[in-house]
Amino acid sequence: NSLDLVVLFLFVLQQKGIPLILEVSKNQPNLLKEIPYFAIIGQRQSLLSVSDSHLRTYKTPFGELRINESQLDTSMVENCSLLLTSSGSTGSKKIIKCRESGVLQNIKSNITALGINEKDRTLICLPIYYSYSLIGQFLSHLIAGADIILAPNRFIPLYLNEVLKKHQPTNFFITPTLVRVLSAYQSHINCDPLKFVAIGGGYLSKNCFVKFTRQFTCAYYYKTYGITEAGPRVSTYTIAYDQIHNFQPNYIGAPLENVQLATGKAIGNYQGKVSCYLHINTPSVYTGYLIDHQHCHKKTLGLETRDIVYKQQQDYYILGRETDFFRAAGSLWRFQIEDILFDEIPGLLKVNIYSDQTEKLQLGLIRNKRNNSDSGVHFRDRLKERFSPSVMQSLIINDHHEKFTFSK
């Protein structure tokens, strides 16, 4: 995140271009080969390396502009105003087409749900190539006329207290992984203007949430649910500070204005309740994918997701997706496995869970390097009391300590 990136992004919007912010690293050398583009803009810190004879390069104070001159006379035909990338939680990132009217509707609904106004000051801890950070936080505060503090997300745990004291933001947005990172660094704040903290992304256990609220005290916490194809914000779960011990990790909250939720096809049951796919009806639904032509979106406001939920009275509770159900672990959902792991393994920041070709359950543990004295053998001893013997036989534990870079 940098001022250069923001200036370049707003410049493309002002010029009626269709911007797409991409995370680019040396691990993604072939990224641009699949994407049709008119121009590439690299901010000054960019690691992007491009060799294309059709590109003419112009230097600017904010970075390099490379124009594909062979495309200059091509008319713009894409039915979108903004391109967003999905989180990749289903295994592959997608580039999603969004209309201007839909994005603005989602932003306005987000402003209403979170009570954002021009007196707010938000601290951006997450990279703005995340749709949650770009739409839900950056553009929402920009349109509301609030102040925006940009921060390089990778170093937020190291100097968050200093930033909070210096700039006194009224809110910041994070993900469950960053909740655990901040808790692991044992940060504590005393920031009077802090109105709320918004937590997006995936599952967050009750224990992790309560521990975090003790360190970061504010009037309200918002646990948000959404998928990029729907805006990306869909619903908001509001938890007042005096209600934190009643936190329900699977509850997705109240839908935004003009958004309706419904259950679709039933696929199973969970503790006596019928589990179904979630349907979302929203004016900010996407118009399709840029590259993946196998996924065609009908031009309606309805979206059938692959998220599996159960309904209790008028409320919806999310279980996960089909890939989040593991028979090798005694027929447990991912969130149930996470509850056990985060309770038993000290310093755990994130876990990757998947079944391999031999039906073994692979657990990739990413832990705070301060807690590097324990071993995979020790973890197995701790888990024996929580998993059955048959499940323990199928577990393969890979302990990574914190050597992999991650941010969500």
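Read the figures in this text as sums done on the coordinates, not as results from a lab. On a predicted model such as this, the values are computed, not experimentally measured, just so you know. In this analysis, Cβ positions are derived from the backbone assuming ideal geometry, glycine residues included, and neighbour counts consider all displayed protein chains.
Among the listed pairs Lys108/Lys195; Lys33/Lys360; Lys16/Lys93; Lys97/Lys273; Lys223/Lys265; Lys108/Lys165, those with a Cα-Cα distance over 31 Å are Lys33/Lys360; Lys97/Lys273.
Evaluate E = 1/(1 + (r/R0)^6) for Gln314 and Gln45, where r is the Cβ-Cβ distance and R0 equals 45 Å; express this FRET efficiency to the nearest 0.05. Approximately 0.40, to the nearest 0.05.
Only Cα pairs under 8 Å and 6+ residues apart enter the sum, and on that basis the relative contact order of the range 94-189 stands at 31 percent.
Summing charges over all other residues whose Cβ lies under 15 Å from the Cβ of Ala266, with Lys and Arg as +1 and Asp and Glu as -1, gives +1.
Other residues whose C-beta falls under 9 angstrom from the C-beta of Asp120 contribute a net charge of +1, scoring Lys and Arg +1 and Asp and Glu -1. The H on the amide N of Ser275, modeled in the peptide plane, is under 5 Å from the matching H of Ile267, Gly268, Asn269, Tyr270, each at least 5 residues off or on a different chain. Here is the list for the range 105-174: trypsin sites (Lys or Arg not before Pro) lying in DSSP coil, each with at most 14 other C-beta atoms within 10 angstrom of its C-beta, are Lys119.
Run the numbers on the range 182-255 and let me know its relative contact order in percent, using alpha-carbon pairs under 8 Å that are six or more apart. 30 percent. The gain in end-to-end length when the Lys165 to Lys59 segment is fully stretched comes to 34.4 nm, 0.36 nm per residue minus the alpha carbon separation.
Rounded to the nearest 0.05, the FRET efficiency derived from the C-beta distance between Val12 and Arg380 at R0 = 56 Å is 0.60. The residues packed around Gln243, meaning those with a beta-carbon under 15 Å from its beta-carbon, carry a net charge of +2 if Lys and Arg are +1 and Asp and Glu are -1. Remark on Leu319: its backbone amide H falls under 5 Å from those of Ile308, Val309, Tyr310, a criterion applied only to residues 5 or more positions apart or on other chains, H modelled at 1.01 Å from N.
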